[in-house]
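Visitor: Have a look at this one before I ask anything.
The values are calculated or read from the model by the stated rules, or taken from the named source; none is laboratory data. Computed from a predicted structure; not experimentally measured. Heads up, the Cβs are rebuilt from the backbone with ideal geometry, glycines too, and the neighbour counts pull from every protein chain shown. In case anyone asks, the SASA skips ligands and DNA or RNA and just uses the protein heavy atoms, side chains included. Shrake-Rupley method; radii C 1.70, N 1.55, O 1.52, S 1.80 Å.
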Amino acid sequence: MNPLKKLFKQTAIYGLATVLPRMMSFLLLPLYTGVLATSGYGEVSIIFAWFAIFNVILAYGMETAFFRFYHSKEHKIKVVTTSLLSIVGSTLLFVVLALSLQDFMASATGIDAEYIRYTIFIIALDALVIIPFAWLRANERPMRYAIIKILNVGVNLGLNIFFLLALPSMVGNNPDSSFAALYKENFEVSYIFISNLIASGLTLVLMANLYIRKDYVFDTDLWKRMMKYAWPVLVAGIAFTINEVFDRILLENLLPEDIAKSEVGKYSACYKLGLFMTLFATAFRMGIEPFFFSHAGSENPQRAYAQITNYFVVLGSIILLAVIVFADVLKVLFVQNKDYWDAMAIVPPIILASFFLGIYHNLSVWYKVTDRTRYGAFISLAGALVTIGVNVVFIPSIGYMASAIATLMAYGTMMALSYYLGKSRYPVPYNFRKITFYLGVSILFSVLSFYVFDRSLIIGILLLILFLGLVYKMENDKLKQIFLKKTA
């Protein structure tokens, strides 16, 4: 099969595994914003921000290291078992330390100790499935990956609906119901994390087969080499997570106490409307990451990498414009509580920032396949410094708009640095003129639609149709070559 056609096929399945669960979980946005006040949703968002940071710490780059060494000449079983034992050991250590320090963590983060306990176990369960999921991707089993991911979010979604909507209604209509023992007033935030905990536990059960084996070997030399490869990925991951979620924590601490959580809630709800670009970029990344490593030794892989990036920009430009054109429609569908709409101005910069991040992931191939992951750490650290600097300086004066601008500047900086550093160390023949054209026209049309024509749906749709016509005229023949080329 044509490698690019195979890539797009796997990306479509990984996209299903990412987009469908996220779209299912997207239903939680109107649920949360309907049940919780802006301050309540802000509190949940802050907790999930800490979630994301600790998830990266417990993964410590082992997933990327697994891909790198699994596709090399090392014995695959040793790579699998060494990775599993490493993750299990570090996760158990984390649970013991975190439980003993939970009161201190609650004080330091401002999170209720009860939520801290839920968080510890959810993070641990999620860490234990990192290598099993990576194994599925490395062995090109996207369907099983997709099914389990979808089931995880389906269970989480179902339990949230039950606890937040169905249970209060049943108990309210029949106080003597057998479900009354499950119901507590003002327990919504705990119900959210209980749902997450159950879903994560089920996922580990479904992925436990990889752990059930007799051939466990912990290769110390291999582990040291994997950790040497992984530590820059960990640093980059932490820096990346700062770019993704640390703005919520900074908003909480830099805004006046009486409005901080409410402003975080508004910002987080409207930030979610950028999820469509994030879904596309994530699905694409999950398809191309194994592809990058498996084709690194082929003849002239740079040409394939350049083509992949070109098509990512084409599709991403369409999504960028489409989401901005239909932003007001999306807010009515997913953020029905008008109290949250004050933050709609952040949507265009957040979507564009997510697009820049996706381009960065495509450009990052040069340091991943050449084992120069330290550059990824440096680039992400640069982005994190931009995030922290812009937020700290401007949040007191312009609030959450500073966080949106900081996110855009951080990912733009990372994208530019990766391109600049990579062009001399691992030259890839990107079609810079085409990339600039699509990106520039999409941004121009987005600005016209959202700002100049004040989000007029008719004008926006006309601009989108015009842009789609340009794409069709310029890319039709090449897309046919990829998708209609017969298998040799």
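Visitor: Would you confirm, using the coordinates I've provided, whether R144 is in a helix (DSSP H, G or I), among the charged types (D, E, K, R), touching a residue at least 12 places away in the same chain (Cβ under 8 Å) and open to solvent by 30 Å² or more (accessible area, probe 1.4 Å)?
Guide: no
Visitor: Which of the numbered conditions does P427 fail, given that it passes all the others? Conditions: (1) over 27 Å from A239 (Cα atoms); (2) over 26 Å from the mean Cα position of the chain (by Cα).
Guide: Single failed check for P427: (1).
Visitor: Would you pick out the residues in the stretch 30-56 that are of a type in the set (F, W, Y) and within 17 Å of the chain's Cα centre (by Cα)?
Guide: F48, W50, F51, F54
Visitor: Continuing with this model, one more query. Return yes when A59 is modelled with pLDDT of 90 or more and under 21 Å from the mean Cα position of the chain (by Cα) and no when it is not.
Guide: yes
Visitor: Here is a follow-up. Need the failing condition index for I346 against (1) farther than 26 Å from M474 by Cβ; (2) at pLDDT below 80; (3) of a type in the set (V, I, T), just the number.
Guide: (2)
Visitor: Would you kindly identify the helices (runs of 4 or more DSSP H) lying entirely within the stretch 22-96 that contain at least 1 residues that are open to solvent by 10 Å² or more (accessible area, probe 1.4 Å) and of a type in the set (G, A, S)?
Guide: 28-35, 38-59
Visitor: Counting only residues that are modelled with pLDDT under 85 and open to solvent by 30 Å² or more (accessible area, probe 1.4 Å), which one in the stretch 367-400 is farthest from P301 (Cα to Cα)?
Guide: Filtering first and then ranking leaves R374.
Visitor: Answer yes if at least one residue in the stretch 105-121 is exposed (fewer than 15 other Cβ atoms within 10 Å of the Cβ), part of a helix (DSSP H, G or I) and at pLDDT 90 or above, and no otherwise.
Guide: no
Visitor: Still on this structure: Could you check, for the stretch 249-263, whether at least one of its residues is without any contact (Cβ under 8 Å) to a residue 60 or more places away in the chain and on the phi > 0 side of the Ramachandran plot?
Guide: Scanning the stretch 249-263 turns up no residue that is without any contact (Cβ under 8 Å) to a residue 60 or more places away in the chain and on the phi > 0 side of the Ramachandran plot.
Visitor: So which residues in the stretch 120-143 are charged (D, E, K, R) and either under 19 Å from I212 (Cβ atoms) or touching a strand residue (DSSP E or B) at 6+ places or on another chain (Cβ under 7 Å) (or both), if there are any at all?
Guide: Selection gives R141 alone.
Visitor: D247 - would you say it is of a type outside the set (A, V, I, L, M) and either under 30 Å from L333 (Cβ atoms) or at pLDDT below 90 (or both)?
Guide: It is true that D247 is of a type outside the set (A, V, I, L, M) and either under 30 Å from L333 (Cβ atoms) or at pLDDT below 90 (or both).
Visitor: Of all residues in the stretch 195-213, how many are more than 25 Å from N160 (Cβ to Cβ) and either part of a loop (DSSP other than H, G, I, E, B) or not hydroxyl-bearing (S, T, Y) (or both)?
Guide: Qualifying residue count for the region: 4.
Visitor: Now for a different question. Consider the stretch 211-232. How many of its residues are open to solvent by less than 70 Å² (accessible area, probe 1.4 Å), farther than 18 Å from H71 by Cα and under 27 Å from the mean Cα position of the chain (by Cα)?
Guide: Going through the stretch 211-232 one residue at a time, the tally reaches 2.
Visitor: Let me spell it out: the conditions are (1) at pLDDT 90 or above; (2) within 29 Å of the chain's Cα centre (by Cα); (3) open to solvent by less than 80 Å² (accessible area, probe 1.4 Å), and I459 meets all of them except one. Which number is the exception?
Guide: Only one criterion is unmet by I459, namely (2).
Visitor: Kindly establish whether L151 is under 22 Å from E63 (Cα atoms), open to solvent by 70 Å² or more (accessible area, probe 1.4 Å) and aliphatic (A, V, I, L, M).
Guide: yes
Visitor: For the list (1) in a helix (DSSP H, G or I); (2) open to solvent by 20 Å² or more (accessible area, probe 1.4 Å); (3) aliphatic (A, V, I, L, M), I need the number of the one condition that V428 fails.
Guide: (1)
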